[in-house]
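In what follows, a structure is listed as structure tokens, so that the remarks can point back to it.
The values are calculated or read from the model by the stated rules, or taken from the named source; none is laboratory data. Every value quoted in this text rests on a predicted model; they were computed, and no experiment measured them. Don't worry about glycine lacking a Cβ; one is built from the backbone with ideal geometry, like all the others, and counts go over all protein chains shown. Side chains included, ligands, DNA and RNA excluded: accessible areas come from the protein's heavy atoms. Shrake-Rupley method; radii C 1.70, N 1.55, O 1.52, S 1.80 Å.
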Amino acid sequence: MGKTIISPSILSADFAKLGQEISDAKDAGADWIHIDVMDGHFVPNITIGVPVVKSIRKSTDLILDTHLMIENPQKYVEPFAKAGADILTFHYEACKSDAEVIEVINHIKSFGIKAGISIKPKTQPDSIFPFLEMVDLVLVMTVEPGFGGQEFMHDCAQKIPSIREKSREDLIIQVDGGINNITSKICTSLGANSLVAGSYIYKSDDYKKAVRSLLN
């Protein structure tokens with residue numbers, strides 16, 4: 001499967017020095033930057049929007065791995081794509097029908113960027129099997145989306161093998177929630193090849209050591 005992609009979540013970074021935090025994560029070995037977009041409706045919290053993504057785009061050449069935890073993702077695809085997102089991942093649960101899921105995927109791809117689909121802990125993986133050939137990335141949530149620093153849900157990680165079994169070889173399976181030096185190994189052993197870590201990296205004293213510990 002090749003190298004595991006590390007995508008630090010800036011949700012846990014110090015927003016007063018966000019540019020520096022992103023630069024430090026890159027120096028520590030991060031491959032992507034994970035941007036959690038929350039609207040206060042689909043999930044309880046509100047985080048960042050299009051203007052912040054636009055600003056981040058100017059300050060880094062890392063892949064902007066943008067996770068839309070929002071209602072009506074279709075409406076916000078164009079603004080985020082134009083702001084500089086390289087990957088837009090939306091939630092299966094935010095769509096009212098399979099037809100809408102397909103519309104959102106096609107809309108994302110029309111901007112020449114990668115499309116990802118995410119599932120919450122209670123959603124079964126077979127819900128997204130019809131779309132695996134269409135997307136570039138599947139994000140398996142191992143916590144309830146909306147808050148940083150939650151405990152890893154082991155049963156959610158068990159979705160990874162069934163998705164891997166049904167997908168083509170180059171599909172990126174990403175895991176987000178409670179990722180640390182122990183849970184990272186569980187996820188990669190099950191077939192994940194991208195890890196989102198927020199608190200574990202940004203609350204550590206040594207970002208490089210934290211990133212390395214996710215891989216080794």
Would you mind telling me which numbered condition in (1) of a type in the set (S, T, N, Q); (2) in contact with a helix residue (DSSP H, G or I) (Cβ under 7 Å, 6 or more places away or on another chain); (3) over 26 Å from H41 (Cβ atoms) S194 fails?
-> (2)
Determine whether G19 is open to solvent by 10 Å² or more (accessible area, probe 1.4 Å), in contact with a Ser or Thr (Cβ under 6 Å, 6 or more places away or on another chain) and at pLDDT 95 or above.
-> yes
Of the residues that make up the stretch 31-46, is at least one at positive phi and modelled with pLDDT under 95?
-> yes
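Could you list, in sequence order, all residues of the stretch 63-96 that are outside any loop (DSSP other than H, G, I, E, B) and hydrophobic (A, V, I, L, M, F, W, C)?
First, pick out the residues of the stretch 63-96 that are outside any loop (DSSP other than H, G, I, E, B): 63-69, 73-83, 87-94.
Of everything in the stretch 63-96, those that are outside any loop (DSSP other than H, G, I, E, B) and hydrophobic (A, V, I, L, M, F, W, C) turn out to be I63, L64, L68, M69, V77, F80, A81, A83, I87, L88, F90, A94.
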Hey, could you check the stretch 1-60 for residues that are touching an Asp or Glu at 6+ places or on another chain (Cβ under 6 Å) and not in a strand (DSSP E or B) and say which is farthest from E144 (Cα to Cα)?
-> E21
Just for the stretch 22-50: of the residues that are over 14 Å from Y202 (Cα atoms) and of a type in the set (D, E, K, R), which one is least open to solvent (accessible area, probe 1.4 Å)?
-> D36
Please list, ordered by first then second residue, the pairs with beta carbon atoms under 6 Å, 6 or more apart or interchain, first in the stretch 34-52 and free of Cβ contacts under 8 Å to residues at least 24 places away in the same chain, second assigned to a loop (DSSP other than H, G, I, E, B).
-> I46/G40
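Within the stretch 160-178, take every residue that is charged (D, E, K, R) and touching a Leu at 6+ places or on another chain (Cβ under 9 Å) and give me the one that is surrounded by the most Cβ atoms within 10 Å (Cβ to Cβ). Steps first, please.
Filtering the stretch 160-178 for residues charged (D, E, K, R) gives 164-166, 168-170, 176.
Among the residues that remain, those that are also touching a Leu at 6+ places or on another chain (Cβ under 9 Å) are: 164, 166, 168, 176.
Working: R164: 19, K166: 16, R168: 7, D176: 25.
The qualifying residue surrounded by the most Cβ atoms within 10 Å (Cβ to Cβ) is D176.
Being modelled with pLDDT of 95 or more, of a type in the set (A, V, I, L, M, F, W, C) and either open to solvent by less than 20 Å² (accessible area, probe 1.4 Å) or in contact with a Leu (Cβ under 6 Å, 6 or more places away or on another chain) (or both) narrows it down to one residue among M141, M153, M134; which is it? Outline the logic, then answer.
On the way: M153 fails: either open to solvent by less than 20 Å² (accessible area, probe 1.4 Å) or in contact with a Leu (Cβ under 6 Å, 6 or more places away or on another chain) (or both); M134 fails: either open to solvent by less than 20 Å² (accessible area, probe 1.4 Å) or in contact with a Leu (Cβ under 6 Å, 6 or more places away or on another chain) (or both).
From the options M141, M153, M134, the qualifying one is M141.
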Name the one entry in I128, I108 that is more than 20 Å from S9 (Cα to Cα), in contact with a Leu (Cβ under 8 Å, 6 or more places away or on another chain) and surrounded by 14 or more Cβ atoms within 10 Å (Cβ to Cβ).
-> I108
